[in-house]
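Coordinate-derived values only; no laboratory data. Everything quoted here is computed from the prediction, not taken from an experiment. Counting neighbours? That spans all protein chains shown, and the Cβs are built from the backbone with ideal geometry, glycine included.
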Amino acid sequence: MLTVGSTKIETVDAPVVLGDERLRRLYGLWREAHAHGLRAPGRAFVDPLRLRFMIGMIVLMDVQPEPLRFRYRLVGTEVVDHLGVELTGSWLDQHPDAGRIDQIAAALSLAWRGQRAVRFTYKLSSFKQAWACETLILPLSHGDGEMPLLLAGQIFPKDMPRFRRGQEDEAG
């Protein structure tokens with residue numbers, strides 16, 4: 001486990017380490033799909049019907065292997081509402097919270113290079129408060145000519161306020 005301040009990055013070998021039931025369910029589905037072959041499940045795993053309990057909380061990241069970089073392919077609406085920014089189409093190094101980029105990159109790199117599930121927990125400062133957030137990052141296999149992909153399930157506290165369009169966070 002890597003710990004930086006309130007941020008923790010760890011590989012997941014059992015669902016019990018995940019704090020949120022939806023992440024445990026997502027991990028279980030991924031493990032079940034993973035068990036059917038030697039490789040992680042492919043893009044077909046990202047089925048809106050299968051993952052309907054996570055819709056809005058999913059982030060898909062393209063992986064550029066050399067040099068290693070990550071691009072937000074899709075950011076769910078709940079993630080956008082909680083972060084207050086749309087990241088779809090941007091590279092990780094364009095993330096508005098520059099102080100968190102290295103931590104996010106470390107978690108994504110661990111999942112990608114190790115082809116393992118990774119739990120990323122951190123405190124998000126928003127609306128003049130620090131909120132405990134949890135993310136599960138899962139590698140997906142790719143075919144010839146396909147961009148490698150990571151799937152992340154992002155959980156925010158139930159009582160955390162959401163941004164409205166055009167609203168800015170007044171004090172981090």
Give me E146, E10 sorted ascending by neighbouring Cβ count inside 10 Å, so fewest comes first. E146, E10
Once you place label points 7 Å from the Cα toward the Cβ at A106 and T77, how far apart are they in nm? 3.5
In the neighborhood of S90, defined by Cβ-to-Cβ distances under 13 Å, what is the net charge if each Lys or Arg adds +1 and each Asp or Glu adds -1? -1
Springs between alpha-carbon atoms under 10 Å, Gaussian network over the chain: tell me which of V16, V80, V46 tops the mean-square fluctuations. V16
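Hey, any idea what the orientation-averaged projected area of the convex hull of region 87-153's Cα atoms comes to, in nm²?
Dividing the Cα hull surface by four gives the mean projection, 5.2 nm².
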Just add up the charged neighbours of F120: K/R +1, D/E -1, any other residue whose Cβ is under 9 Å from the Cβ of F120. 0
In degrees, nearest 10, range 0 to 90: what is the angle between the Cα axis of helix 101-114 and the longest Cα principal axis of the chain? 10
In degrees, nearest 10, the alpha-carbon axis of helix 21-35 is tilted away from the dominant principal axis of the alpha carbons of the chain by 20
Relative contact order as a percentage, the chain, C-alpha pairs under 8 Å and 6+ apart, gives 26
Reviewing (i) 10.0; (ii) 16.6; (iii) 8.4, the figure for mean projected area of the Cα convex hull in nm² actually calculated from this model sits under (i)
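Provide the net charge surrounding I55, with neighbours chosen by a C-beta distance below 12 Å and charges set as Lys +1, Arg +1, Asp -1, Glu -1.
Net charge in that neighbourhood comes out at +1.
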Among A130, A117, A40, which one shows the highest mean-square fluctuation when the chain is modelled as a Gaussian network with alpha-carbon springs under 10 Å? A130
Separation of alpha-carbon centers, region 26-55 and region 88-135, rounded to whole Å: 21
